[in-house]
Amino acid sequence: EPIAFTADTRDVIELFIAQAAVAIQNARLYREAQRRRDVAEGLARLGGELTATLDVERIAEVIAQGLADLLGVKASTVFRYEPADGTLHVVSASGAEGGPLRGRVLAPGEGVSGRAVAERRIIATPDVLSDPSIRLSPEFRQLIEGQEQRAVVAVPLMAGSRILGVLTLGAQAG
């Protein structure tokens with residue numbers, strides 16, 4: 001049979017529901033504050049490491065590793081731009097899938113990174129292998145096919161109008 005609640009019982013239930021809603025909201029706010037604190041601490045640590053050296057390769061390592069950790073991406077790669085021939089040279093690669101990229105040289109305009117340099121803007125793709133606007137050499141395509149990383153963002157590193165390199169972040173597609 002249906003249960004009938006008195007007005008006092010309904011008030012107690014409503015009060016309990018309101019308290020539960022406040023507790024849930026407080027937990028969300030606490031978790032968000034915790035996340036923001038962790039990000040701020042990570043950025044402060046990165047800033048300290050970056051100012052502790054003038055070595056370009058060490059700076060690239062700090063950036064690649066720091067961003068892979070901070071953003072939780074599969075790979076973070078810093079490329080140096082070679083203006084003489086337009087190639088991109090991996091200076092540092094980090095993250096679970098960054099290893100195979102070490103020592104790579106991309107031809108002008110190759111990959112998401114090459115396109116970011118050519119267009120001098122941030123380029124993002126949800127799946128680098130299926131994006132027709134991304135040019136990949138057969139060797140580079142084969143390397144990427146062996147990884148989970150498919151979603152890629154490339155940010156050109158510029159000083160004024162001069163390209164210095166590219167920062168590329170890769171994550172699992174989907």
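Rounded to a whole number, what % of the accessible area of the chain do carbon and sulfur atoms account for, probe 1.4 Å? Roughly 58 percent, rounded to a whole number. Averaged per residue, the chain has 61 square angstrom of accessible surface, using a 1.4 angstrom probe with ligands and nucleic acids left out. The convex hull around the C-alpha trace of segment 18-91, projected and averaged over every direction, spans 6.9 square nanometres.
Our helix-only sum for the chain, with -39,500 (n - 2.57) per DSSP H run of n ≥ 4 divided by its residues, gives a mean residue ellipticity at 222 nm of -15500 deg cm²/dmol. Accessible-area rank, largest first, for Ile122, Ile59: Ile122, Ile59, with all protein chains present and a 1.4 angstrom probe.
Each of (1) 78, 47, 28; (2) 81, 31, 24; (3) 83, 41, 29 is a candidate for Cα extents along the principal axes in Å; the one calculated from this structure is (3). Remark: accessible surface ordering of Arg36, Arg120, Arg141 (largest first) is Arg36, Arg120, Arg141, probe radius 1.4 Å.
The values are calculated or read from the model by the stated rules, or taken from the named source; none is laboratory data. The model shown is predicted, which means the values in this text are computed figures rather than measured ones. Accessible surface areas use protein heavy atoms only, side chains included; no ligands, DNA or RNA. Shrake-Rupley method; radii C 1.70, N 1.55, O 1.52, S 1.80 Å.
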